[in-house]
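Asks: Got a structure for you, written out below as structure tokens; questions coming shortly.
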Amino acid sequence: MKVIPAQKPAAAQHLSVDFRRLQRVGARPGFFDYLVQVWDYRHFIAYDARSRVQSGNRRDRLGSVWLILNPVLNGLTYYLIFGLLLQTGKGIENFIGYLVIGIFLFQFSSRSITNGARSIQQNRAVIQAFSFPRATLPLAVNLRELFANIPVLIVMVLIVMLVPPTEEITWRWLLVFPALALQWIFNLGVGLILARVISKVNDVVHLLSFALRALMYASAVFYSYERFIDQPVLLQIVQLNPLFNVLDIVRDCLLYAQVPSWQSWAILASWALGALAVGTVYFWRAEETYGRA
């Protein structure tokens, strides 16, 4: 039998590894890289928003009709209480249109902010199972609310057109679109800020409804801001309210055939863009912490 001599083990080789290009799994990317990642998920965001709108009221017999019935019934309730019983509409031209615009548009912001604020909390299991930019969740929620409110806004315009005193269609109606765009941006920015806060302190959920109710009373939804003419501090608080400016711009365009003042546009744009900038950075800085127990 031939004996094969044992081979000497190969000498160990030292390899150099450049750790500078390695990134920890789940690490927060740079801010602009993060925005690119969110953009890459745009098709998922749109699909998720559309599918949730279609399935949102599937268990109800009337289905998506409730998207329209809810603000209509709210508007009727507020008209009975504030219009007929409390007479807050005295001196307001076309109070029905004034009230409908206030109720419909404020409810749009209220639902968007509330659901956007709870988007991280309600999707904790998804966050723990998959890796994706977390900002897509509040963004998808706000897009869903925009889609859901399209028929609501159409009904709002029809009420203004058909319920006496009817209003004439003018080119100023086109200014409603940029106002709604700024409103949506504001909703998203506030939702991003609150989403991070509520993901850490769940108790804020219970305070949110009270804050939104106070904001509604400060937005001149069912009364005229002119009642504060003799109280300059309260008047200034109302006029600096972003949602008041949304309502004021839309009412000027649809009801009174007026071009909204540049001050209203400036205040609304400052709030919207400021909320989005602060909300995006604030939310991104906690990207690694979402979903942790």
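Asks: Taking square-rooted eigenvalues a ≥ b ≥ c of the alpha carbon gyration tensor, is segment 183-266 rounded, prolate or oblate, where a/c under 1.5 means rounded and, failing that, a/b exceeding b/c means prolate? Display every interim value, and only then the final one.
Replies: Numbers: a/c = 2.63, a/b = 1.72, b/c = 1.53.
Prolate shape, in that a/c is at least 1.5 and a/b is the bigger ratio.
Asks: Sorting SER51, SER224 on the 10 Å Cβ count, fewest up front, what's the list?
Replies: The most exposed by this proxy come first: SER51, SER224.
Asks: Sticking with this structure for a sec: Please give the length that would be gained between VAL281 and GLN231 if that part of the chain were fully extended, namely 0.36 nm times their separation in residues minus their C-alpha to C-alpha distance (nm, one decimal).
Replies: Roughly 14.3 nm would be gained on extension.
Rule-based calculations on the coordinates, nothing more; no lab input. No experiment lies behind these values; they were computed from the predicted model shown. As a convention, Cβ positions derive from the backbone with ideal geometry for all residues, glycine included, and neighbour counts pool all protein chains shown.
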